[in-house]
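These notes concern the structure reproduced below.
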Number of protein chains: 2
Amino acid sequence: EAVDVLIPEVDNYVAYTLKTQKVLPPVQWSNLLNELNWISFVVLTLPPAVGVVGAFYVRLQWQTAVWSVAYYFLTGLGITAGYHRLWAHRAYNASLPLQYLLALLGAGSIQGSIKWWCRNHRAHHRYTDTDLDPYSAHRGFWYSHIGWMLIKHRRKPGAADVSDLRHNFVVRWQHKHYFSLILIMAFILPTLVAYLAWGDAKGGFIYAGVIRLVFVHHSTFCVNSLAHWLGETPFDDKHTSRDHLVTALLTIGEGYHNFHHQFPMDYRNAIKWYQYDPTKWTIWIMSQVGLASHLKVFPDNEVRKGQLTMELKSLRRMQEKLAWPSDSDDLPVISWESFTSQAERRPLLLISGFIHDVSNFIEEHPGGEYLLRKYVGKDATTAFFGGVYDHSNAAHNLLAMNRVGVLRGGSPHSLTDKRGVPPSQRLRV
Amino acid sequence: EAVDVLIPEVDNYVAYTLKTQKVLPPVQWSNLLNELNWISFVVLTLPPAVGVVGAFYVRLQWQTAVWSVAYYFLTGLGITAGYHRLWAHRAYNASLPLQYLLALLGAGSIQGSIKWWCRNHRAHHRYTDTDLDPYSAHRGFWYSHIGWMLIKHRRKPGAADVSDLRHNFVVRWQHKHYFSLILIMAFILPTLVAYLAWGDAKGGFIYAGVIRLVFVHHSTFCVNSLAHWLGETPFDDKHTSRDHLVTALLTIGEGYHNFHHQFPMDYRNAIKWYQYDPTKWTIWIMSQVGLASHLKVFPDNEVRKGQLTMELKSLRRMQEKLAWPSDSDDLPVISWESFTSQAERRPLLLISGFIHDVSNFIEEHPGGEYLLRKYVGKDATTAFFGGVYDHSNAAHNLLAMNRVGVLRGGSPHSLTDKRGVPPSQRLRV
Ligand code: HEM
Ligand code: HEM
Ligand SMILES: [Fe+2]
Ligand SMILES: [Fe+2]
Ligand SMILES: [Fe+2]
Ligand SMILES: [Fe+2]
């Protein structure tokens with residue numbers, strides 16, 4: 001009964017499907033009117049138009065302003081805490097009253113029924129950045145923001161199971177009464193509240209209804225566009241999803257999207273207390289008052305592994321950019337006699353079995369010229385490592401950069417001595 | 001002629017000296033008066049006393065306040081840009097006029113002659129944190145701040161060469177006229193300026209002279225105490241020196257002391273433009289107007305190596321704190337028959353040659369229970385790696401935590417397959 005039953009036995013479902021599935025021809029000026037998704041087109045262009053005109057004629061009262069912002073957050077949470085984290089990702093369990101509330105508020109955001117929304121969203125997670133992702137970020141910012149709704153899909157989103165939702169009574173109820181619910185929740189209720197409480201029906205309609213709706217729309221859309229475009233990838237960089245405070249501020253906390261794509265069933269998007277994730281806070285409060293339970297959290301141990309890998313990656317890039325000393329295999333082997341005779345012409349020092357040319361450095365040496373000259377043509381290992389002065393790790397690293405050879409047959413201080421390895425090479429990625 | 005000529009041929013100069021050198025008996029109440037360093041004692045206790053009393057009787061005029069702060073910075077720079085970076089560390093070359101200026105301003109700080117100061121400071125760098133360090137941080141905050149000056153040294157600071165300073169004409173001149181110079185620079189000049197310019201001789205003496213002196217003293221002392229105590233160690237943690245903005249603010253930029261101990265001959269203490277290092281800025285301006293030259297900078301490549309090592313160290317600590325999957329050597333080898341028969345009792349999945357028990361996870365699986373059940377007792381490698389769904393790196397890491405065995409004789413997807421190594425184990429410190 002789950003759609004997954006139908007998945008063929010192949011090596012790679014995405015590659016297979018892309019190859020075998022039929023696609024619609026590309027959209028051009030000639031077929032544009034035919035290929036437009038008219039319902040979405042009206043839902044996404046009429047409210048901004050009405051809002052702009054309405055705002056010209058209807059003065060904004062402060063009560064209506066407060067109510068609009070509040071209703072923006074309420075209906076937004078219907079999407080973020082309801083559609084997204086509860087139904088698409090099963091990140092927690094919600095009691096029946098909370099489910100009805102979220103289904104109603106979500107309807108007020110006019111973003112399709114829960115079932116339709118989650119079907120697309122699960123495909124987005126399952127096939128992120130591929131052509132089976134209905135709003136793949138690889139198709140550009142505007143496509144993932146709004147374009148994907150304005151024209152008919154060129155191909156079907158990849159298979160994603162929503163059988164759990166088909167059994168959910170609230171989801172079915174919302175789907176059935178969807179048209180009446182959006183009228184009531186998106187326009188009638190916000191108008192009525194403003195009218196009954198402070199007599200501003202027009203303002204309630206224009207600001208808390210229409211304009212608030214435009215904001216909620218683009219807030220959600222930013223999760224698909226901006227959150228795949230702006231910010232850092234602290235948990236994984238396989239996909240385009242990113243973490244950014246600005247996106248979080250615009251999306252009621254959905255902006256820690258790099259975390260979310262790695263740990264989609266986690267009820268949190270932000271894991272630090274100081275990060276802005278009001279959706280998480282709301283779910284947590286609901287659990288405290290007994291309306292939600294089983295808040296899922298991905299094991300911290302695995303979250304940290306992702307962070308560790310990403311930080312190691314960045315240190316590896318740094319490591320690759322630096323210049324490193326020559327290895328003993330890449331250096332000429334020099335006999336003791338040759339070393340001492342060459343040291344008469346240029347300042348050569350033997351330290352830990354390596355021969356160093358200190359010409360460039362002898363006048364810059366913080367310990368003075370005298371000490372270096374004294375050890376030219378000699379083994380300075382003991383002096384360098386504390387006999388005279390116990391050099392810093394930086395000095396040791398610098399020393400290794402001046403290697404010009406290795407002594408034949410090693411030296412009293414052999415190459416296998418740990419002191420032959422500069423401190424910067426003891427820890428490597 | 002350099003003191004280094006006298007250094008004996010030993011394995012470790014510090015250990016050798018600590019063992020063979022005579023020390024004075026410890027200071028106790030009974031011998032305290034005898035062991036006090038009376039000159040320092042007076043220089044360090046009289047000014048605060050006079051300052052407090054003076055401030056009671058002399059009203060602070062705003063011009064005098066401005067002048068005191070300015071003179072604090074001027075005499076402070078005499079120490080930081082002069083005594084410290086120029087003479088102790090030879091971090092740049094100064095023209096003769098600049099040398100005289102710095103020697104005069106430094107005298108106004110009453111911290112001993114250049115020669116005496118640098119001899120101690122070079123020993124501090126050469127024997128940091130050991131008992132040959134005259135102000136070793138290991139002897140406590142107050143000892144390194146001021147205690148080391150109040151009582152006679154229990155043992156001589158370790159050998160440190162100052163032969164270059166003995167040849168410097170300005171240094172010798174300052175040493176010779178030191179007593180007159182401190183009187184003029186610390187008290188007469190600041191008093192005179194305030195008297196001639198706005199008729200406030202008393203204020204000039206108390207505020208720009210005495211109280212300013214107390215501030216300069218403790219500002220410098222903080223480099224020896226606070227900078228070895230407060231902050232981070234981004235370049236090396238072998239010694240106690242630390243970087244902190246607060247210390248930098250208190251010390252005219254000497255607070256990036258972890259950097260400074262690693263790269264003492266660098267004319268900078270702070271390497272980022274936004275860090276507070278007015279001493280560096282002053283030296284740079286002097287070089288721009290032709291009064292200073294040969295500003296030394298440690299090779300950036302080696303500075304970064306220090307940072308890299310420190311960051312790898314911290315990631316290594318993180319790595320060690322995490323739980324990691326069992327290795328194939330630590331797991332029982334299970335035959336195909338045993339695997340399939342055991343899989344009838346508990347949900348076992350074969351992926352990349354490893355057998356996993358998914359009991360804990362089957363109900364939590366974001367991809368649903370159905371898919372996991374379908375592969376119980378089977379090889380799910382292809383399905384896991386894209387046949388059905390191309391799992392995230394996090395999913396792969398989590399998978400490996402559920403290993404309970406390896407399949408005898410490997411599997412079509414052998415253990416040497418790169419997919420047998422979770423992403424979190426591909427990069428290690
Ligand atoms: C190519 C070889 C050498 C290099 C690259 C080198 C590098 C350095 C560096 C970077 C410092 C600054 C302080 C520090 O980072 O620890 C230093 C200080 C010093 N070095 Fe060397 N050094 C070399 C060889 C030697 C040898 C052979 C001796 C002794 C025989 C020596 C004696 C000293 C002393 C005494 C200081 C302390 C200066 C002070 O803080 O007053 N160095 N060296
Ligand atoms: C112990 C073995 C498994 C573990 C630990 C595991 C783990 C996960 C995790 C953590 C996710 C969340 C998304 C992600 O991080 O990529 C996920 C999603 C998924 N898994 Fe698995 N999985 C396992 C086995 C399987 C198998 C054998 C299949 C298929 C036969 C499968 C199919 C899926 C699907 C289709 C999703 C996508 C859910 C969605 O985003 O709608 N998983 N799995
Ligand atoms: Fe996304
Ligand atoms: Fe999601
Ligand atoms: Fe220090
Ligand atoms: Fe120093």
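The values are calculated or read from the model by the stated rules, or taken from the named source; none is laboratory data. Because the structure is a prediction, the values reported are computed rather than measured. No Cβ is skipped: glycine too gets one built from the backbone with ideal geometry, and neighbour counts run over all protein chains shown.
Can you tell me which residues in segment B:100-154 are among the aliphatic types (A, V, I, L, M), within 14 Å of ligand 6 (Cβ to nearest atom) and without any contact (Cβ under 8 Å) to a residue 60 or more places away in the chain?
Matches in segment B:100-154: B:A123 only.
So, in segment A:386-427, how many residues would count as being assigned to a helix (DSSP H, G or I) and either within 16 Å of ligand 3 (Cβ to nearest atom) or at pLDDT 90 or above (or both)?
The number of residues fulfilling the criteria is 12.
Output the number of residues of segment B:325-345 satisfying the condition of being part of a loop (DSSP other than H, G, I, E, B) and surrounded by 12 or more Cβ atoms within 10 Å (Cβ to Cβ).
Selection size over segment B:325-345: 5.
Scan segment B:82-91 and tell me whether some residue there is away from ligand 5 (no atom under 13 Å from the Cβ), closer than 30 Å to B:L18 by Cβ and more than 14 Å from every other protein chain (Cβ to nearest Cβ).
yes
Could you tell me which numbered condition B:F235 fails, if it satisfies all but one of (1) closer than 16 Å to B:H121 by Cβ; (2) out of contact with any Leu (no Cβ under 9 Å at 6 or more places or on another chain); (3) surrounded by 24 or more Cβ atoms within 10 Å (Cβ to Cβ); (4) touching a residue at least 40 places away in the same chain (Cβ under 8 Å)?
Unmet condition: (1).
Look through segment B:377-395, keep the residues that are more than 8 Å from ligand 2 (Cβ to nearest atom) and more than 10 Å from every other protein chain (Cβ to nearest Cβ), and return whichever of them is surrounded by the most Cβ atoms within 10 Å (Cβ to Cβ).
So the residue we want is B:T381.
A:D357 fails exactly one of the following numbered conditions: (1) without any contact (Cβ under 8 Å) to a residue 40 or more places away in the chain; (2) acidic (D, E); (3) more than 14 Å from every other protein chain (Cβ to nearest Cβ). What is the number of that condition?
Among (1) without any contact (Cβ under 8 Å) to a residue 40 or more places away in the chain; (2) acidic (D, E); (3) more than 14 Å from every other protein chain (Cβ to nearest Cβ), the lone unmet condition for A:D357 is (1).
Being of a type outside the set (G, A, S), over 24 Å from A:S163 (Cβ atoms), surrounded by fewer than 17 Cβ atoms within 10 Å (Cβ to Cβ) and more than 14 Å from every other protein chain (Cβ to nearest Cβ) narrows it down to one of A:V58, A:V43, A:V53, so name that one.
A:V53
Tally the residues that are at the interface with chain B (Cβ under 8 Å from one of its Cβ atoms), surrounded by 15 or more Cβ atoms within 10 Å (Cβ to Cβ) and part of a helix (DSSP H, G or I), restricting the search to segment A:1-27.
Within segment A:1-27, residues that are at the interface with chain B (Cβ under 8 Å from one of its Cβ atoms), surrounded by 15 or more Cβ atoms within 10 Å (Cβ to Cβ) and part of a helix (DSSP H, G or I) number 3.
Among the listed residues B:L308, B:L322, B:L245, B:L213, identify the single one that is farther than 30 Å from A:K305 by Cβ and either among the β-branched types (V, I, T) or surrounded by fewer than 21 Cβ atoms within 10 Å (Cβ to Cβ) (or both).
Of the residues listed, the single one that is farther than 30 Å from A:K305 by Cβ and either among the β-branched types (V, I, T) or surrounded by fewer than 21 Cβ atoms within 10 Å (Cβ to Cβ) (or both) is B:L245.
Take the residues in segment B:238-268 that are free of Cβ contacts under 8 Å to residues at least 24 places away in the same chain and more than 14 Å from chain A (Cβ to nearest Cβ); name whichever of them is nearest to the chain's Cα centre (by Cα).
Ranking the candidates gives B:R242 first.
Would you kindly identify the helices (runs of 4 or more DSSP H) lying entirely within segment B:120-213 that contain at least 1 residues that are within 14 Å of chain A (Cβ to nearest Cβ)? Outline the logic, then answer.
Details: elements: B:163-166, B:169-176, B:178-182, B:189-198.
The qualifying helices (runs of 4 or more DSSP H) are B:163-166.
Select from segment B:214-237 the residues that are part of a helix (DSSP H, G or I) and within 16 Å of ligand 6 (Cβ to nearest atom) and list them in ascending order.
Selection gives B:S219, B:T220, B:F221, B:C222, B:V223, B:N224, B:L226, B:A227, B:H228.
Taking segment B:289-310, which residues are facing chain A (nearest Cβ under 9 Å), more than 29 Å from B:W87 (Cβ to Cβ) and touching a residue at least 40 places away in the same chain (Cβ under 8 Å)?
Within segment B:289-310, B:T309 is the sole residue that qualifies.
Any residue at all in segment A:164-186 that is more than 23 Å from A:G106 (Cα to Cα) and either away from ligand 3 (no atom under 16 Å from the Cβ) or hydrophobic (A, V, I, L, M, F, W, C) (or both)? Reasoning before the result, please.
So the first thing to find is which residues in segment A:164-186 are more than 23 Å from A:G106 (Cα to Cα), and the list is none.
Checking segment A:164-186: not a single residue is more than 23 Å from A:G106 (Cα to Cα) and either away from ligand 3 (no atom under 16 Å from the Cβ) or hydrophobic (A, V, I, L, M, F, W, C) (or both).
More than 14 Å from chain B (Cβ to nearest Cβ), surrounded by 18 or more Cβ atoms within 10 Å (Cβ to Cβ) and in contact with a helix residue (DSSP H, G or I) (Cβ under 8 Å, 6 or more places away or on another chain): is that true of A:L398 in this structure?
No.
Pick from A:Y71, A:Y57: which is among the aromatic types (F, W, Y), farther than 22 Å from A:D131 by Cα and under 30 Å from the mean Cα position of the chain (by Cα)?
Working: A:Y57 fails: under 30 Å from the mean Cα position of the chain (by Cα).
Just one listed residue meets the conditions, A:Y71.
Does A:S144 satisfy the criteria of being within 18 Å of the chain's Cα centre (by Cα) and of a type in the set (S, T, N, Q)?
yes
Does at least one position in segment B:118-125 carry a residue that is of a type in the set (A, V, I, L, M, F, W, C) and over 20 Å from the mean Cα position of the chain (by Cα)?
yes
Quick test for you: out of B:D266, B:D237, pick the one residue that is out of contact with any Phe, Trp or Tyr (no Cβ under 6 Å at 6 or more places or on another chain) and over 30 Å from B:L44 (Cα atoms).
Matching residue, one of B:D266, B:D237: B:D237.
Of the conditions (1) within 14 Å of chain B (Cβ to nearest Cβ); (2) over 26 Å from B:N393 (Cβ atoms); (3) in contact with a Lys or Arg (Cβ under 9 Å, 6 or more places away or on another chain), A:A323 fails just one. Which one is it?
(3)
Taking segment B:282-303 on its own, how many of its residues are under 20 Å from the mean Cα position of the chain (by Cα) and either surrounded by fewer than 17 Cβ atoms within 10 Å (Cβ to Cβ) or not charged (D, E, K, R) (or both)? Give the derivation first.
At the first step, the residues of segment B:282-303 found to be under 20 Å from the mean Cα position of the chain (by Cα) are B:296-303.
Now restrict to residues that are either surrounded by fewer than 17 Cβ atoms within 10 Å (Cβ to Cβ) or not charged (D, E, K, R) (or both): B:297-301, B:303.
The total comes to 6.
Among the numbered criteria (1) away from ligand 6 (no atom under 16 Å from the Cβ); (2) within 14 Å of another protein chain (Cβ to nearest Cβ), which single criterion is violated by A:P366?
Single failed check for A:P366: (1).
List the helices (runs of 4 or more DSSP H) inside segment B:36-114, counting only whole elements, that have at least 2 residues being at pLDDT 95 or above and closer than 14 Å to B:I283 by Cβ.
B:62-77, B:96-107
Residue under question is A:L350, and the condition is that it be within 12 Å of chain B (Cβ to nearest Cβ) and modelled with pLDDT of 90 or more; does it hold?
no
Quick check on this structure: which one of A:A380, A:A394 is over 18 Å from B:R122 (Cα atoms) and either near ligand 1 (Cβ under 9 Å from one of its atoms) or in contact with a Pro (Cβ under 6 Å, 6 or more places away or on another chain) (or both)? Show your work before the answer.
Numbers: A:A394 fails: over 18 Å from B:R122 (Cα atoms).
Going through A:A380, A:A394 in turn, the sole match is A:A380.
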